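Structure record follows, encoded as structure tokens.
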Amino acid sequence: MGQVTKMSRFKAKLLRPGKSAEENSWAFLVLPKFASEKLPRRGRTSIEGTINGHPFRDTLEPDGQLSHWLKVSKALREASGVKIGDTVMLEIASVAKEPEPKLPSDFQEALVASPEAKAVWDSTTTIARVHWVESAKRAKTRKNRGENACAMLASGKKQVCCFDQSGFYSKSLSAPEAEE
């Protein structure tokens, strides 16, 4: 069972990413350090809470500064009645149990076909399984990951890569740059 944190209440400004592929498709906000410090880890952390009183459940990403950022979808913005540029009120707490990642069908089939890989997969933490599935950003990397994952898992490799999951030492894990 995971560690649940007490509810944190804070305000944050909803920002537009500077390099968004689709205008208004998503926004983000950066948590104040005091709110991140209450969470069980500096890395990826699932939360539940409210944004301007509207309930949601999502996963925070590390911001590379020992804090977190939250991607806010267009659907969540519309449901909560907020716009980019607004200062919003959030109440958040970590979830008791991290949700399992959604596996692509080819990855599922490969795990079923390899009992050795499945055994290692089952022995890893939920956060490690999430990294196996979601850390690949480019389509080519995701395709290669699916093809190679079971061989790596069967050999006993429990983590997809060797980076600092807090984002403090890795510039690849950081909050998006806000549009000016």
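Only the coordinates and a few stated rules stand behind these numbers; no lab work does. These figures come from a predicted structure and were not determined experimentally. Here Cβ is always computed from backbone atoms with ideal geometry, including for glycine, and neighbour counts include all displayed protein chains.
Values computed for the structure shown
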{"quantity": "Relative contact order, percent, the range 105-154 [alpha-carbon distance under 8 Å, six or more residues apart]", "calculated": "57"}
{"quantity": "Per-residue Cβ neighbour rank within 10 angstrom, fewest leading, 153, 39", "calculated": "39, 153"}
{"quantity": "Residues 94, 105 arranged by fewest to most Cβ contacts within 10 Å", "calculated": "105, 94"}
{"quantity": "Residue exposure sequence - 72, 120 - by fewest surrounding Cβ within 10 Å", "calculated": "120, 72"}
{"quantity": "Cα→Cβ-extended label distance, 7 Å offset, between residue 113 and residue 87, nm", "calculated": "5.6"}
{"quantity": "Net +/- balance of residues flanking residue 128 in space, Cβ distance below 13 Å, scoring K and R +1, D and E -1", "calculated": "+1"}
{"quantity": "Magnitude of the charge dipole, the range 8-94, Cβ model with Lys/Arg +1 and Asp/Glu -1, debye to 20", "calculated": "200"}
{"quantity": "Links that overshoot a 31 Å alpha carbon limit, given the list 13/118; 6/83; 97/143; 74/97; 6/157; 6/140", "calculated": "13/118; 6/157; 6/140"}
{"quantity": "Environment charge at residue 8 (Cβ cut-off 13 Å; Lys +1, Arg +1, Asp -1, Glu -1)", "calculated": "+2"}
{"quantity": "P(r), alpha carbons of the range 29-165 - 10 Å bins starting at zero, rounded %", "calculated": "11, 36, 30, 19, 5, 0"}
{"quantity": "Formal net charge of residues neighbouring residue 70 (Cβ-Cβ distance under 11 Å; K, R +1; D, E -1)", "calculated": "-2"}
